[in-house]
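Each value in this text was obtained by applying a stated rule to the coordinates, not by laboratory testing. In this text the structure is predicted, and so the values were computed from the model without any measurement. Note: ideal-geometry Cβ built from the backbone for every residue, glycine included; neighbour counts use all protein chains shown.
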């Protein structure tokens, strides 16, 4: 049988050599075409008039909140209001039966009349004895006794006058009137119930217009706000307070800052600020939470970029920009307050830097890109 090993060896060499010959046919390897540069949308960092602002969580508080209470004991005869209605100062709201208190007043007046009669008689008696004493017809001891009796009756008159005053006050307390303007809530007692000072609150009146807004401010922010209040002539300007409702809608009226709490909380390093704000349409409700915003009165030129341009990692905020060679670069930035859809950049960028707004997720620093100016023509 013929030996086939040399033939097999030749075939193997041929199979290995053919691809190498094909690859070296033109002397150069075949290279894959380079992918196109990714497209990104850019916006230049620009200067914009921005009023610095501070947002705080605030609570609405009524200027006046009054709990109505009974100051005398008696059966509740009338409830003269509708729950939830607006009342004016002086409006009659509750009436306690008056019979016993009118009787006490009448008795006190009668006692006063009796005491005044006694005092008048004592005055006459003392005058007679004093005149006789001048003529040596009456001893001095009698004069002194009659003078003491006169003083005693005068004191009794004063006592009875006080009793009349107290009885009149108790009678007046049977009429419970609104001490302030506002809206009255639910009544705790209806007609026919026995009420007294221990009965607690009968109803509560809450004033409606204006209202207070109370919110905590850090001592750091307070210094910035105070500096913003200073006018060029050295005077202090009032700062307007804007309110955002729980729904996110901005409240149309503006508040005026009118009180700074004199003590700082040691736990939070904040103090309570208070503003007064009109509430003509009764939109603000006592006790609800709102967002209180303090803004500078005059906008200042600040560097801003779209909020979409900012990214965040464990080291903080950064933005990707496109340099003059169409390459991506990363810039660490410090931010300030929002200005609509933009955000103030306090450091890390310069005016005119082309920040990537669209396509930021598909590029990395050092990569060449094709940029398009959003809202304008491309400059790639």
- Task: Using a/c under 1.5 as the rounded threshold, could you call region 134-233 rounded, prolate or oblate? The axes a ≥ b ≥ c are square roots of the C-alpha gyration tensor eigenvalues, and prolate needs a/b larger than b/c, oblate otherwise.
- Result: oblate
- Reduced to Cα centres, the span from region 155-170 to region 270-318 in Å works out to 60 Å
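How big is the Rg/Rh ratio for region 307-369, C-alpha atoms only, Rh by Kirkwood, two decimals?
On the way: Rg = 11.4 Å, Rh = 12.1 Å.
Ratio of gyration radius to Kirkwood radius: 0.94.
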- Sort region 199-331 into rounded, prolate or oblate with this rule: let a ≥ b ≥ c be the square roots of the eigenvalues of the Cα gyration tensor; rounded if a/c is under 1.5, and if a/c is not under 1.5, prolate when a/b is larger than b/c, oblate otherwise. prolate
- Taking the highest mean first, how do the peptides 307-315, 107-115 order by number of other beta carbon atoms within 10 angstrom per residue? 107-115, 307-315
- Note on the structure: Of the convex hull drawn through the C-alpha atoms of region 72-205, the volume per residue in Å³ is 114 Å³
